[in-house]
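Read through the structure below, which is laid out as structure tokens, and then see the notes.
The values are calculated or read from the model by the stated rules, or taken from the named source; none is laboratory data. Just so it is clear, the model here is predicted, and its values are computed rather than measured. Neighbour counts are summed over all protein chains in view; Cβ atoms, including those assigned to glycine, are modelled from backbone coordinates with ideal geometry.
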Amino acid sequence: MINKKIIKTMKNTILIFNIVALCIAVLFYFMPLSTNIYQLPDVNHFFHIAMGVIAGLSLLDVFLKRKELLTGIPPFRIFIALLTSAIIAVYFYNHKTPLWLSIILLPLCLIYGTYKRTFYKPHPIMVALFAFSAFKLLSCLWATNPAQGFAHIDYYCLFIFVPIVSCFFRIEKKELKPFIYTAFSFFLSIMTLLVVAYISLVKQYQKPLLAFLSFDKGYLGEISYYELINWTKTSHPSKMAWICMAVFAMGLWLWKSKKNKIISTLQIVLYSVLLITISFILQARVAILGTLILIFLWNWIALMRYINNIKHIALYTLLAIVVGLWITKIVITKSSYFNDTARNAMNAAAISSFKQYPIFGGGAAHETFIISEIGYNLHSLHNDFLSTLIDNGIVGVILLLLFHILVIYYALKQRFMLSLYVLIAFTIFNATEGVIGISICIPFFLYCLIPPRTKNFSL
């Protein structure tokens, strides 16, 4: 009995560590001590070391739970799962590194599949992704400046490779456990670090502890919340919060599907609280709304399971979507916090441009041209759906929507809610920032969007 309690405690070591760190940080805020993280000669060096420690703790966490996570999985596929998790994790520090890791990951998967002489029938989801990516690249042909256009979307070369790899390397359901849990454990600790750093920052500058509970990006006065993340090379509050949100979506699925055996309820609760806190601390508007939407979606799916009539489920879901979109529209358009004047101006210019090139769009990078014409120095419209409409016209949007529809269809058909959770996280962000096409998508696409493999064919 004692041994079982010791083992259980050891498996929860990292969780306990995070809770203790948060409690100490809160107590520290109220204690008359002058020592502070932000008084260190090189505070960035501290964060670099801390991130390395967190990476080590996450691997330790996986090791402690290796029986639940790794049993029955070949060593190479364990390595692939951990490498894929690392791509997500490292994005938090450097948004460029995942590209190079993905360039390593995809050939490894292809070589392994070829060695094992396996071939899987191309999945419709991946066919749609291939068609969309190919059309994106082809749009360089009618771009105003083909060279500039290709430089704008060259990352889609890698995305064409993803569907090809999926024909030779397909994820088994049991391999989702180490992939999801490793990322979940890492980001739980990363968010703890950011909260601890926030407490140190507000103590250093004598600000209220709950100052972050504000719909105001200037809630720290002369201090910027960027101080919390400027040690990273990513340093993009919305994308950082979104990554945490996407991992949360995966964690919800693993917690529910494995009935509290791998990710505990306490971990989910702590992650939820930290995610909402971090979203406010970084003033990541998309994550504030997105987290609430994800939690609502999860509860809605759970509620719909009590209704046996498919027609009633469809009707209630449609009504919920309509009401949700209506509320979201009101929040975004009527609130000064969520309403962005610059984006409104860019959107208006984009719609006007669409009328000129409705079918195939203005070509790759046309959105950049539109933005510069109205006097803004930005790379994109911060809306992947609108960007696609401008650059690739109605044809491009149809291909993009087909990709989304197929993910939803197979998620419902095969009861693989993970893909639905992840898609929602992506869609929320794509409507406000834009993430399709960047390398961080590859782990999610490879592991989460296609339902786990069922049948393979020998080559």
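Overview of values
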| read-out | value |
| --- | --- |
| Number of the condition not met by C167 [criteria: (1) surrounded by fewer than 20 Cβ atoms within 10 Å (Cβ to Cβ); (2) touching a residue at least 12 places away in the same chain (Cβ under 8 Å); (3) over 27 Å from the mean Cα position of the chain (by Cα)] | (3) |
| Test: residue in region 367-378 that is under 20 Å from F159 (Cα atoms) and surrounded by fewer than 20 Cβ atoms within 10 Å (Cβ to Cβ) | no |
| Only one of I104, I73 that is surrounded by fewer than 20 Cβ atoms within 10 Å (Cβ to Cβ) and closer than 24 Å to I262 by Cβ | I73 |
| Residues (in contact (Cβ under 8 Å) with a residue 60 or more places away in the chain and among the β-branched types (V, I, T)) located in region 111-161 | T114, T118, I125, T144, I153 |
| Out of S439, S419, sole residue that is in contact (Cβ under 8 Å) with a residue 60 or more places away in the chain and either in contact with a Leu (Cβ under 7 Å, 6 or more places away or on another chain) or among the aromatic types (F, W, Y) (or both) | S439 |
| Residue in region 130-139 that is closer than 11 Å to L399 by Cβ, in contact with a Pro (Cβ under 8 Å, 6 or more places away or on another chain) and among the hydrophobic types (A, V, I, L, M, F, W, C) present | yes |
| Filter result for G434 (at pLDDT below 80, within 20 Å of L292 (Cα to Cα) and of a type outside the set (A, V, I, L, M, F, W, C)) | yes |
| Residue ranges of helices (runs of 4 or more DSSP H) in region 362-431 with at least 3 members closer than 18 Å to T144 by Cβ | 366-373, 384-413 |
| The one condition in (1) touching a Lys or Arg at 6+ places or on another chain (Cβ under 6 Å); (2) farther than 25 Å from Y447 by Cα that H45 fails to fulfil | (1) |
| Number of positions in region 163-198 that are more than 30 Å from F63 (Cβ to Cβ) and among the aliphatic types (A, V, I, L, M) | 1 |
| The lone exception for A246 - which of (1) touching a helix residue (DSSP H, G or I) at 6+ places or on another chain (Cβ under 6 Å); (2) in a loop (DSSP other than H, G, I, E, B); (3) buried (at least 18 other Cβ atoms within 10 Å of the Cβ); (4) hydrophobic (A, V, I, L, M, F, W, C) it fails | (2) |
| Within region 404-429, tally of residues that are buried (at least 22 other Cβ atoms within 10 Å of the Cβ) and aromatic (F, W, Y) | 3 |
| Filter pass, I14 being modelled with pLDDT of 90 or more, farther than 17 Å from L209 by Cβ, surrounded by 13 or more Cβ atoms within 10 Å (Cβ to Cβ) and in contact with a helix residue (DSSP H, G or I) (Cβ under 9 Å, 6 or more places away or on another chain) | no |
| When residues of region 249-267 are limited to those that are crowded, with 19+ Cβ neighbours inside 10 Å and among the β-branched types (V, I, T), the one farthest from H45 (Cα to Cα) | I262 |
| Sole residue being at pLDDT below 90, among the aromatic types (F, W, Y), surrounded by fewer than 17 Cβ atoms within 10 Å (Cβ to Cβ) and over 23 Å from Y409 (Cβ atoms), chosen from F119, F150 | F119 |
| Filter result for I359 (among the β-branched types (V, I, T), exposed (fewer than 13 other Cβ atoms within 10 Å of the Cβ) and closer than 20 Å to L129 by Cα) | yes |
| Where a residue in region 363-374 is under 19 Å from V397 (Cβ atoms) and its partner, wherever it lies, is of a type in the set (D, E) and buried (at least 24 other Cβ atoms within 10 Å of the Cβ), with Cβ under 6 Å and at least six apart | A364/D391; H366/D391; E367/D391 |
| Region 386-396 - residue that is more than 13 Å from A431 (Cβ to Cβ) and touching a Leu at 6+ places or on another chain (Cβ under 9 Å) and, of those, surrounded by the most Cβ atoms within 10 Å (Cβ to Cβ) | I390 |
| Matching entry among H48, H95 (being part of a loop (DSSP other than H, G, I, E, B) and either buried (at least 18 other Cβ atoms within 10 Å of the Cβ) or of a type outside the set (D, E, K, R) (or both)) | H95 |
| Selection from region 268-293 of residues that are surrounded by fewer than 22 Cβ atoms within 10 Å (Cβ to Cβ), β-branched (V, I, T), more than 18 Å from A425 (Cα to Cα) and touching a residue at least 24 places away in the same chain (Cβ under 8 Å) | none |
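Residue-wise test of (1) without any contact (Cβ under 8 Å) to a residue 12 or more places away in the chain; (2) of a type in the set (S, T, Y).
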{"site": "T13", "(1), (2)": "no, yes"}
{"site": "V20", "(1), (2)": "yes, no"}
{"site": "L27", "(1), (2)": "yes, no"}
{"site": "L33", "(1), (2)": "yes, no"}
{"site": "N44", "(1), (2)": "no, no"}
{"site": "L60", "(1), (2)": "no, no"}
{"site": "K65", "(1), (2)": "no, no"}
{"site": "Y91", "(1), (2)": "no, yes"}
{"site": "L101", "(1), (2)": "no, no"}
